[in-house]
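Before any comments, here is the structure.
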Amino acid sequence: MPAAQLGLYKQISTKAAAEFLGITPRKLEMMRQHGDGPVFVRFSPKCVRYRLKELIEFQESHLCENTIRA
């Protein structure tokens, strides 16, 4: 894997991931509990990390062109 792509696998904290997504850490925690947030890595109950790759994919999956719902 090229070195440039390795950065996508960097793991960041809940606080940093929330900042990246433009939401509060509490909102991200709630999304994680309900199963509707980005994929995460859990090392222990108190150690959760997010990979940049997954955060970008989560953002991409939520792109919208308008606010009208079908």
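The values are calculated or read from the model by the stated rules, or taken from the named source; none is laboratory data. Nothing here was measured: the structure is a model prediction, and the numbers come from that model. Counting neighbours? That spans all protein chains shown, and the Cβs are built from the backbone with ideal geometry, glycine included. Quick note on the areas: whole protein, heavy atoms, side chains included, nothing else; ligands and nucleic acids left out. Shrake-Rupley method; radii C 1.70, N 1.55, O 1.52, S 1.80 Å.
How long is the gain from Gln59 to Lys10 if the chain were fully straight, where each residue apart is worth 0.36 nm and the alpha carbon distance is subtracted?
Working it through step by step, the gained length comes to 16.0 nm.
For region 31-43, in order, what is each residue's ³J(HN,Hα) by Karplus, 6.51 cos²θ - 1.76 cosθ + 1.60 with θ = phi - 60°, in whole Hz (x at glycine and Pro)?
Whole-Hz 3J(HN,Hα) from phi for region 31-43: 4, 5, 5, 8, x, 10, x, x, 4, 9, 10, 10, 8.
More than 13 angstrom separation, counting every C-alpha pair in the chain; what % is that?
Of all Cα-Cα pairs in the chain, 68 percent lie more than 13 Å apart.
Counting heavy atoms of the protein chains only and a 1.4 Å probe, report the per residue accessible area for the chain as a whole number of Å².
79 Å²
How would you rank 30-43, 54-67, highest first, on the average number of other Cβ atoms within 10 Å across their residues?
30-43, 54-67
Please give every one of the lysines within straight-line cross-link reach of Lys10, meaning a C-alpha to C-alpha distance under 20 Å, and leave out same-chain neighbours fewer than 8 residues apart.
List returned: Lys46, Lys53.
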